[in-house]
Amino acid sequence: MQVILHTTQNGNVAVTVPTGELPINEVLAKDCPSGAIIVDDSTLPQGSDAQFFDAWELVNGKVVVNEAKKQAIIDAIQAPITAKASSLAKLTALGLSEAEVKALVG
């Protein structure tokens with residue numbers, strides 16, 4: 001399927017998926033900013049990179065995953081997990097029982 005891509009003002013990639021009511025070229029001309037391009041959706045990042053949409057960038061007509069942005073997303077997801085594990089370790093080190101730790105953490 002063909003989709004329309006363009007870079008937003010904040011540097012992210014916008015993907016417009018036409019409904020089929022109008023030809024894609026009409027949607028491009030009517031609803032998309034100058035510089036928007038039509039691509040086949042099979043050229044978009046696949047596999048695990050597809051889940052890092054906020055790290056996508058449009059470079060020379062191709063969507064690439066900005067690795068620094070991807071890592072920042074991973075770090076943001078991992079931070080509360082790491083914090084919880086650290087807190088649990090500290091509570092256990094203080095001599096709290098497993099039941100007491102569970103009661104505190106929930």
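Please treat every number below as a calculation from the coordinates, not as lab data. Computed from a predicted model, the values in this text were never measured in an experiment. Here Cβ is always computed from backbone atoms with ideal geometry, including for glycine, and neighbour counts include all displayed protein chains.
If we restrict to alpha carbons, what Rg and Dmax does region 39-106 come to, in Å?
So, for region 39-106, Rg and Dmax equal 19.5, 59 Å respectively.
Just to confirm a number: summing +1 for Lys and Arg and -1 for Asp and Glu over residues other than residue 23 whose beta-carbon lies under 15 angstrom from that of residue 23, what do you get? Display every interim value, and only then the final one.
Working: positive: 30; negative: 21, 26, 31.
Within the 15 Å Cβ shell, the charges total -2.
First measure r as the distance between the Cβ atoms of residue 93 and residue 73, then evaluate 1/(1 + (r/R0)^6) with R0 = 41 Å and state the FRET efficiency to the nearest 0.05. Mind showing how you got there, number by number?
On the way: r = 31 Å, r/R0 = 0.76.
The calculated FRET efficiency here is 0.85.
For region 2-65, what Kirkwood radius comes out of the mean inverse Cα-Cα distance, in Å? Please report the intermediate quantities before stating the final value.
Details: mean 1/r = 0.0825 Å⁻¹.
Mean inverse Cα-Cα distance, inverted, gives 12.1 Å.
Could you tally up the Lys pairs in the chain with alpha carbons closer than 28 Å? Skip any pair fewer than 8 positions apart unless they're on separate chains. Don't skip to the answer; put the middle values down first.
On the way: 30/62; 62/70; 69/84; 70/84; 84/102; 90/102.
Lysine pairs meeting both conditions in the chain amount to 6.
Which one, 16, 92, 82, has the greatest fluctuation when you compute a Gaussian network model over the chain with C-alpha springs under 10 angstrom?
92
Give me the net charge of residue 104's neighbourhood, meaning all other residues with Cβ under 15 Å from the Cβ of residue 104; Lys, Arg count +1, Asp, Glu -1.
Counting the neighbours of residue 104, the net charge comes to +1.
Could you identify which residue out of 93, 76, 85 has the top mean-square fluctuation in a GNM of the chain using Cα springs shorter than 10 Å?
Looking only at 93, 76, 85, the largest GNM fluctuation is found for 93.
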